[in-house]
Amino acid sequence: MESRLNRLETEQTTKLLWEYSIPAIVGSLVVAIYNTIDSIYIGHGPGLGDHAIGGLGIVLPVMTLFTALGLFVGTGAASRISIYMGMGLKDEAERVLGNAFFLVVLLTGVSILFVYLFLESILLAIGATNETYHFAHEFLLYYLPCNLFLNLSYTLSSIMRASGYPKKAMYTMLLGVITNILLAPVFIFVLKWGMKGAAVATSISTLVTLIPIMYHFLDQNSTLRFYKNKISPDKKIIWAIVSIGFSPFIMQLAASVVVFFINNRLRIYGDSIAIEAYTIASRLTLVIILIIVGLTQGMQPIVGYNFGAKRFDRVASTVNQAIKAGIGIGIVGLVCGIFFSNIIVRPFNPSEALAREAARALKILTIMLPLSGIQMVISNFFQSIGMPVKSVFLSLTRQFLILVPSLFILSYFFELDGVWASIPLSDFLSTVLAVVLYIWQIRKFNKNTYAVTLT
């Protein structure tokens with residue numbers, strides 16, 4: 001079992017990066033795939049259509065907030081486990097596993113209850129219109145329970161990858177996606193449950209994913225296992241998780257807030273059709289973004305383990321390869337968005353007016369994807385080696401500190417065009433800042449610096 005992790009210190013870094021990244025990409029894409037499947041089926045569903053797609057766009061900030069909780073615990077736990085296993089501290093790694101389970105259940109459960117209690121007020125606050133409110137309310141009402149299953153699956157599959165089982169993590173996540181593809185049309189078209197059907201299908205699918213993942217960590221042959229005495233909360237371990245997980249949490253939380261501001265500006269300058277266009281375009285752009293997220297998650301256990309083992313040459317090699325891969329993935333997204341946008345938006349079955357606006361939005365949102373790949377890899381690099389402050393700063397810069405002011409300033413002068421232009425502008429400026437900080441940090445690093453960071 002230990003040989004699974006020893007390979008992180010001995011195997012060629014290029015091979016390891018893709019071996020860990022491909023399963024991580026599949027895992028991170030699960031959320032996007034669920035949302036995209038729902039959007040496509042809803043676009044063709046009886047009595048649904050453009051405003052139903054807009055309803056999904058309205059609830060996106062809430063869905064992103066729950067995703068943030070999963071990233072908060074999952075990424076922080078996986079990073080700490082990689083570092084502990086690299087240092088040979090298996091007992092501490094299992095305590096991280098147990099406390100991660102506790103945190104996910106607590107945070108997600110409380111959040112679900114809060115949203116249920118204030119559902120109507122939340123929907124109105126995040127931009128629901130007369131045309132979209134009913135659809136957003138019905139979907140979210142039945143979608144909320146699945147967040148507990150989804151966050152547990154996401155967190156535990158991240159730990160599964162970090163403990164040496166990347167392919168197994170991928171297969172379990174794929175199981176849920178396949179289930180959703182099969183169930184959604186039954187509930188939407190056969191039973192004619194509409195938005196409710198899409199939400200129920202997703203909830204069942206996430207539960208199907210969770211069952212084999214739980215079995216893995218109860219199996220005595222697994223590298224890390226659940227133990228009752230290691231699930232009880234431990235302040236030291238919880239802090240070890242949240243200190244690293246805070247960065248992706250802030251990034252997703254900021255993304256949730258930003259979607260609220262974007263929808264608000266779009267509603268003012270473009271009405272419902274602009275929100276619906278953004279919903280389609282952002283769903284498709286999210287696919288590329290989450291592929292890059294998966295790449296960084298695949299990078300994380302390699303960087304974390306070698307950081308713990310003080311193999312700093314392998315840390316730098318892995319990060320540089322991930323940056324190149326992130327640029328390449330972004331270029332693919334750029335080409336698809338610029339040259340094939342009219343074709344890509346069609347599966348959502350939009351009206352002609354919505355199709356034109358969605359294609360236009362997609363071209364704008366994909367312009368800076370290659371630079372986004374650089375920024376996201378660098379942010380995850382700081383997170384993986386236990387420097388959450390720098391990672392949080394970069395995340396906030398891209399998602400919030402530059403984008404929100406740009407939204408208001410550019411929309412004031414250029415109205416709807418200004419709303420669209422603010423998104424690539426934020427990506428460009430935040431990437432420049434990330435590259436400067438990365439170069440400065442690499443030049444500063446030496447063995448003494450790493451030793452101080454570890455303590």
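Here are the numbers for the structure shown:
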read-out: Single residue of the range 394-418 satisfying the filter (in contact (Cβ under 8 Å) with a residue 40 or more places away in the chain and hydrophobic (A, V, I, L, M, F, W, C)) that is surrounded by the fewest Cβ atoms within 10 Å (Cβ to Cβ); value: PHE408
read-out: The range 234-262, residues that are modelled with pLDDT of 80 or more, in a helix (DSSP H, G or I) and of a type outside the set (A, V, I, L, M); value: LYS235, LYS236, TRP239, PHE261
read-out: Residue match in the range 375-386 (condition: of a type outside the set (S, T, N, Q), in a helix (DSSP H, G or I), buried (at least 16 other Cβ atoms within 10 Å of the Cβ) and without any contact (Cβ under 8 Å) to a residue 40 or more places away in the chain); value: no
read-out: Unmet criterion (only one of (1) within 22 Å of LEU29 (Cβ to Cβ); (2) buried (at least 24 other Cβ atoms within 10 Å of the Cβ); (3) not polar (S, T, N, Q)) for GLY197; value: (1)
read-out: Residue count, the range 320-374 (criterion: in contact with a Gly (Cβ under 9 Å, 6 or more places away or on another chain) and not in a helix (DSSP H, G or I)); value: 6
read-out: Residue within the range 292-305 that is surrounded by fewer than 23 Cβ atoms within 10 Å (Cβ to Cβ), in a helix (DSSP H, G or I) and among the hydroxyl-bearing types (Ser, Thr, Tyr) present; value: no
read-out: Positions within the range 419-446 being without any contact (Cβ under 8 Å) to a residue 24 or more places away in the chain and under 22 Å from ALA358 (Cα atoms), in sequence order; value: SER422, LEU425
read-out: Tally, over the range 219-235, of residues that are charged (D, E, K, R) and either closer than 14 Å to ILE81 by Cα or in contact (Cβ under 8 Å) with a residue 24 or more places away in the chain (or both); value: 3
read-out: Filtered residues of the range 284-300 (kept if under 12 Å from the mean Cα position of the chain (by Cα) and within 21 Å of ALA361 (Cα to Cα)); value: LEU286, VAL287, ILE288, ILE289, LEU290, ILE291, ILE292
read-out: Near pairs, Cβ below 7 angstrom, 6+ apart or cross-chain, from the range 96-110 (within 13 Å of VAL242 (Cα to Cα) and in contact (Cβ under 8 Å) with a residue 60 or more places away in the chain) to any residue that is aromatic (Phe, Trp, Tyr) and buried (at least 21 other Cβ atoms within 10 Å of the Cβ); value: VAL96/TYR84
read-out: So SER222, is it of a type outside the set (A, V, I, L, M) and touching a Pro at 6+ places or on another chain (Cβ under 6 Å); value: no
read-out: Residues satisfying the stated conditions in the range 89-115, i.e. exposed (fewer than 13 other Cβ atoms within 10 Å of the Cβ) and within 29 Å of ARG265 (Cβ to Cβ); value: PHE114
read-out: The range 116-136, subset of a type in the set (Phe, Trp, Tyr) and under 30 Å from TYR269 (Cα atoms), residue surrounded by the most Cβ atoms within 10 Å (Cβ to Cβ); value: PHE135
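Conditions tested, residue by residue: (1) without any contact (Cβ under 8 Å) to a residue 60 or more places away in the chain; (2) touching a Cys at 6+ places or on another chain (Cβ under 7 Å); (3) farther than 26 Å from GLY43 by Cβ.
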{"position": "ALA281", "(1), (2), (3)": "no, no, no"}
{"position": "VAL287", "(1), (2), (3)": "no, no, no"}
{"position": "ILE327", "(1), (2), (3)": "yes, no, yes"}
{"position": "PHE339", "(1), (2), (3)": "yes, no, no"}
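The values are calculated or read from the model by the stated rules, or taken from the named source; none is laboratory data. Note that the structure is a prediction, hence the values are computed from the model and not measured. Positions of Cβ are generated from backbone atoms using ideal geometry, with glycine treated the same way; all protein chains shown enter the neighbour counts.
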